[in-house]
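Take a look at the structure below.
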Amino acid sequence: MAKAIALIASALCFLAVATAQGDGSFTVEGLVYCDGCRVLFYSGVGGKVGQADVELQCRDRENGTVTLTKAQKSDDGGYYSIYVDKDHQNEICEVRVVSSPIPECAEIVPEISSNRVNLAKDSGIITNSRFVNPIGFVSKNAYPECHDVLDAMGFIPEA
């Protein structure tokens, strides 16, 4: 009896993993932020950017031909979700910011404006959700609270 239960449990686990990989469709999710300290990483200063234009683009690895372009706006909380209906196994896919609704935080710099995302079904990732590191814009000027925030993070050297 115990062997039968173990066999059934194993089969259900295998079925769950196979189902999670599904049909090759994906959901690409991430966050758009404003780098209010001009340090090229998410410090929290500047906040999240709602209604920012974001684009997912995939290119063929061999010849660079664009195979997919999907545009999306981040929601009011700065989060975006882009549905992709097929596998992009032999392609380089990247999410990037396009434009910010905040004029004082709209500078696009390569270091934080884009991230690659794996959209291959047979990549070893067992879910169809792909979570991208935060991407963002840089503010025109550093916010006054940056010194204190960066000091608390240990980025300001002691005198």
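The values are calculated or read from the model by the stated rules, or taken from the named source; none is laboratory data. Just so you know, these numbers come straight off a predicted model, no measurement behind them. Positions of Cβ are generated from backbone atoms using ideal geometry, with glycine treated the same way; all protein chains shown enter the neighbour counts. The protein model used for the area step is the full one, side chains on, heavy atoms only, and it has no ligands, DNA or RNA in it. Shrake-Rupley method; radii C 1.70, N 1.55, O 1.52, S 1.80 Å.
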Checklist entry - Taking N as the number of residues in segment 103-159, what is its alpha-carbon radius of gyration divided by 2.2 N^0.38 Å? => result 1.68
Checklist entry - How high is the FRET efficiency from K73 to I125, r the C-beta distance, R0 35 Å, rounded to 0.05? => result 0.85
Checklist entry - Summing +1 for each Lys or Arg and -1 for each Asp or Glu, what net charge is found among the other residues whose Cβ lies under 13 Å from the Cβ of L68? => result -3
Checklist outcome for this item: Label model pair D85, E62: point-to-point distance (7 angstrom along the Cα→beta-carbon line) in nm is 2.5 nm
Checklist entry - Computed over the Cα atoms of segment 22-153, what is the convex hull's projected area averaged over all directions, in nm²? => result 8.7 nm²
Next on the checklist: In whole Å, what are the extents of segment 46-120 along the principal axes defined by its C-alpha atoms, from largest to smallest?
Outcome noted: 39, 24, 14
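Local charge sum around S113 (other residues, Cβ-Cβ under 11 Å, Lys/Arg +1, Asp/Glu -1)? Provide the component values of the computation, followed by the final result.
Numbers: positive: R96; negative: D35, E55, E94, E107, E111.
Net charge around S113: -4.
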Item to check | Accessible surface ranking that places the most exposed of R130, R59, R96 first, with a 1.4 angstrom probe | outcome: R96, R59, R130
